[in-house]
1. Gain in length, D274 to T242, computed as 0.36 nm per residue apart minus the alpha-carbon separation, to one decimal in nm?
2. Report the label-to-label distance for V69 and V235 in nanometres (one decimal), using points 7 Å from each Cα along the Cα→Cβ vector.
3. Subtract the Cα-Cα distance of D149 and L87 from 0.36 nm times their separation in residues, and report this length gain in nm to one decimal.
4. So for H230, H150, what's the accessible-area order with a 1.4 Å probe, most first?
5. Describe numerically, in nm with one decimal, the distance between label points set 7 Å from Cα along Cα→Cβ at A156 and at Y76.
6. Read phi for every residue in region 64-73 and hand back ³J(HN,Hα) as whole Hz from Karplus 6.51 cos²θ - 1.76 cosθ + 1.60, θ = phi - 60°, with x for Gly and Pro.
7. How big is the Cα convex hull of region 118-226 in projection, averaged over all directions, in nm²?
8. If W135, W174 are ordered by their accessible area, calculated over protein heavy atoms with a 1.4 Å probe, which sequence runs from highest to lowest?
Amino acid sequence: MANDPVARDDSGAADTSGAAAPAAPAAPAAPAAPVAPAVPVAPVAPAPRPGRRGRAARLAGAGALLGLVAGVCAGYHVQAGREPTKLPPLSQPVIGQAGGEAEPLSAAQDREVRTDGDLRKLLLDKPRGARTAAWVPQDGWMDLADYADHFGNPGAKFSSLATDQFRRAAVTGWKDGTSSIVDIRLVQYRQEDSMAAADATHNMEDDVESARGTESSSIPGTGDGMAYVHPRPVVDYGAGRTLYSAEAYAWRGDVAMEIRVFSNGPIAEKEIRDLARRQMERL
């Protein structure tokens, strides 16, 4: 029958039983894709809103600053309108000033005038009855070579004096009978680069203080001037006798003072110190 086709199985044979053919088994379903676990998301806090306290603090600070500026301006305005306050009087008495130019110092008052003049006039006068020593130059001056020749190593001393800007030396000396001999020198330096007078004095003192047994004392009124007494005598081979000795050194300005005393007997410390004090007073 055209309207009742014969049912056939998959092999192509007709199903003659007249029963309906069983349905074909369904295809297995595809496995489901794995689902990723959900990641927790941190909640986003809302942006803080400016509080009322912050705005109040800023307003208070601005108000304080404006008040300070206004106070300073007001104080300045008030002070500018007042009369100037008079200064208190000086605590020390007012010294009257001489009108015009001051009079120059006399030679007796100006030390530089005295030392720039005839330096020989500042030397002590020899005592009455004493004789001028033979080693004293006739004109009373020593140049660089003559002065250096009185030291143990004249060549080295000459170079040292030239470096120290030696200017001149005024000399005096005397023999008081046969008991004592005095030698005084005032050595002046130009001192354009250094305090040569002070340095020369200190070098002399260092050499004397290195000797054993030497007694020393300061010279009054001279700052760091020193007098030295040697208790042990030395032999003067030229005169054929034994002599005691004492020395004194000091300086003032550009002039260095040197005094040496020799005697047949021990020399008192007061004698050399007093001699040096009187010589320095003339400078």
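The values are calculated or read from the model by the stated rules, or taken from the named source; none is laboratory data. Note that this is a predicted model, so its numbers are computed, not measured. Every residue, glycine as well, gets a Cβ built from its backbone with ideal geometry; the counts of neighbours run over all protein chains shown. Only protein heavy atoms, including side chains, enter the accessible area calculation; ligands, DNA and RNA are left aside. Shrake-Rupley method; radii C 1.70, N 1.55, O 1.52, S 1.80 Å.
1. Fully extending the segment from D274 to T242 adds 9.1 nm.
2. 10.0 nm
3. Computed gain between D149 and L87 is 15.7 nm.
4. Ranked from most to least accessible, the order is H150, H230.
5. Output for this residue pair reads 7.3 nm.
6. In residue order, the calculated couplings are 5, 5, 5, x, 5, 4, 5, x, 5, 4 Hz.
7. 8.6 nm²
8. Descending accessible area places them as W135, W174.
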